[in-house]
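Asks: Pasting a structure here, questions to come.
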């Protein structure tokens with residue numbers, strides 16, 4: 001649970017976390033009951049066939065009393081206050097604005113007359129909880145997240161450590177794939193980039209990162225450096241003056257030059273693979289990006305796995321595949337993909353790793 005941290009406050013079950021009104025959160029392994037009933041408010045539910053989607057009361061069962069983020073952001077504030085006299089590291093992973101679409105009612109009022117609302121989200125065969133005003137709720141959840149960021153900043157100011165505290169704000173993936181009533185087209189969530197959550201195309205994986213450190217970073221400075229979360233390991237270690245026990249096998253590059261305004265290109269490519277969503281693989285190297293998608297589909301059809309190539313400097317939306325024009329670049333990046341990955345038998349990458357032989361009943365005997 002702690003994974004190297006001194007303490008933990010939050011939810012450890014993904015299924016429980018799909019509701020923002022769960023029955024409990026965990027504080028160092030101890031369950032802390034929330035005022036949402038013994039089972040909490042569900043994160044997944046079908047809209048009853050006999051319910052009226054025009055009736056606000058029909059959606060009341062999907063909103064609880066005790067919003068879990070209020071508890072966790074309160075814990076973050078308390079942690080800052082308790083540790084203000086010594087160096088500390090706080091990792092705050094807000095569940096907002098992840099579906100289900102749920103937020104305290106007072107947060108909705110600011111969007112009255114601002115948002116053109118869609119039809120109520122009323123799933124009948126599986127799905128996240130119903131919601132009467134899905135667009136408004138989604139916007140309100142993001143506003144709630146904004147307030148959480150403000151509360152952390154205020155807590156640092158109150159503790160007298162705001163100027164010499166490094167704050168990093170980012171996301172773990174692109175916009176969700178219109179699940180649970182989310183409307184990515186209405187909000188232009190991907191900003192024209194190709195793909196959504198679960199995709200290694202830019203719309204599914206490219207996220208902005210905002211860093212605040214008044215004592216060390218010039219306000220308003222920018223960097224276009226491509227990076228991954230793994231880069232923060234050596235970055236924080238360098239800034240804290242800590243020597244890592246091992247570095248040879250860590251694919252992490254310091255972002256200190258980028259923060260200080262003396263940035264340089266990455267020394268090594270950035271590699272990603274995703275066994276889910278059809279089996280995918282991608283690598284970023286300078287302006288080039290090579291990506292393989294739908295490898296499972298290709299293997300099942302007996303087709304060859306295809307590598308696409310994009311020039312992200314000229315084409316960040318990945319509209320023009322340049323693989324046929326630059327076959328030597330494709331070959332080089334495919335070799336770098338192979339060199340970058342470490343096969344894991346628990347997470348085989350279909351299309352790259354050997355396809356396991358079928359077993360059990362129906363297994364064909366070898367021809368003699």
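Asks: Look at residue 116 and say whether it is part of a loop (DSSP other than H, G, I, E, B), modelled with pLDDT under 95 and either more than 18 Å from residue 75 (Cα to Cα) or under 18 Å from the mean Cα position of the chain (by Cα) (or both).
Replies: No; evaluated as a whole, the condition is false for this residue.
Asks: Looking only at the stretch 217-227, count how many residues are closer than 16 Å to residue 169 by Cβ and under 20 Å from the mean Cα position of the chain (by Cα).
Replies: Result for the stretch 217-227: 1.
Each row is one residue, and each column tells you yes or no for (1) modelled with pLDDT of 95 or more; (2) touching a helix residue (DSSP H, G or I) at 6+ places or on another chain (Cβ under 9 Å).
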position	(1), (2)
141	yes, yes
147	yes, yes
152	yes, yes
159	yes, yes
165	yes, yes
174	no, yes
199	yes, yes
215	no, no
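Asks: A follow-up question, please. When you scan the stretch 49-71, do you find a residue that is in the same structural domain as residue 128 (by TED's automatic domain parsing) and assigned to a strand (DSSP E or B), even just one?
Replies: No, the stretch 49-71 has no match at all.
Asks: Within the stretch 209-229, which residues are in contact with a strand residue (DSSP E or B) (Cβ under 9 Å, 6 or more places away or on another chain), assigned to a loop (DSSP other than H, G, I, E, B) and under 30 Å from residue 275 (Cα atoms)?
Replies: Result: 209, 226, 227, 228.
Rundown of residues vs (1) part of a loop (DSSP other than H, G, I, E, B); (2) more than 26 Å from residue 237 (Cα to Cα); (3) under 21 Å from the mean Cα position of the chain (by Cα), yes/no style:
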position: 148; (1), (2), (3): no, yes, yes
position: 155; (1), (2), (3): no, no, no
position: 163; (1), (2), (3): yes, no, no
position: 173; (1), (2), (3): yes, no, yes
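Asks: Another one. Pairs only if they're at least six apart or on different chains, beta carbon under 9 angstrom, first in the stretch 181-202 and not assigned by TED's automatic domain parsing to the domain that holds residue 126, second in a helix (DSSP H, G or I); list them, first residue then second.
Replies: Hits for this filter: zero, empty list.
Asks: Name every residue in the stretch 310-328 that is outside any loop (DSSP other than H, G, I, E, B) and surrounded by 15 or more Cβ atoms within 10 Å (Cβ to Cβ), in order of residue number.
Replies: Matches in the stretch 310-328: 310, 311.
Asks: Within the stretch 72-88, track down each residue that is part of a helix (DSSP H, G or I) and loosely packed, with under 15 Cβ neighbours inside 10 Å.
Replies: Answer for the stretch 72-88, where residues must be part of a helix (DSSP H, G or I) and loosely packed, with under 15 Cβ neighbours inside 10 Å: 74, 78, 81, 82.
Asks: Quick test of your reading of the structure: residue 207 fulfils all but one of (1) within 16 Å of the chain's Cα centre (by Cα); (2) surrounded by 17 or more Cβ atoms within 10 Å (Cβ to Cβ); (3) on the phi < 0 side of the Ramachandran plot. Name the failing condition by number.
Replies: (2)
Asks: Would it be correct to say that residue 96 is modelled with pLDDT of 95 or more, farther than 30 Å from residue 54 by Cα, assigned by TED's automatic domain parsing to the domain that holds residue 231 and crowded, with 17+ Cβ neighbours inside 10 Å?
Replies: No, not satisfied.
Asks: Still on this model: Right, residue 4: in a loop (DSSP other than H, G, I, E, B) and surrounded by 18 or more Cβ atoms within 10 Å (Cβ to Cβ) or not?
Replies: Considered against the rule, which asks whether it is in a loop (DSSP other than H, G, I, E, B) and surrounded by 18 or more Cβ atoms within 10 Å (Cβ to Cβ), residue 4 comes out as no.
Asks: Could you go through the stretch 44-58 and let me know if any residue there is surrounded by 12 or more Cβ atoms within 10 Å (Cβ to Cβ), closer than 29 Å to residue 150 by Cα and within 27 Å of the chain's Cα centre (by Cα).
Replies: Looking for residues that are surrounded by 12 or more Cβ atoms within 10 Å (Cβ to Cβ), closer than 29 Å to residue 150 by Cα and within 27 Å of the chain's Cα centre (by Cα), one finds none in the stretch 44-58, hence no.
The values are calculated or read from the model by the stated rules, or taken from the named source; none is laboratory data. Bear in mind the structure is a predicted one, so any value in this text is a computation, not a measurement. Note that we place each Cβ from the backbone using ideal geometry, even for glycine, and neighbour counts take in every protein chain shown.
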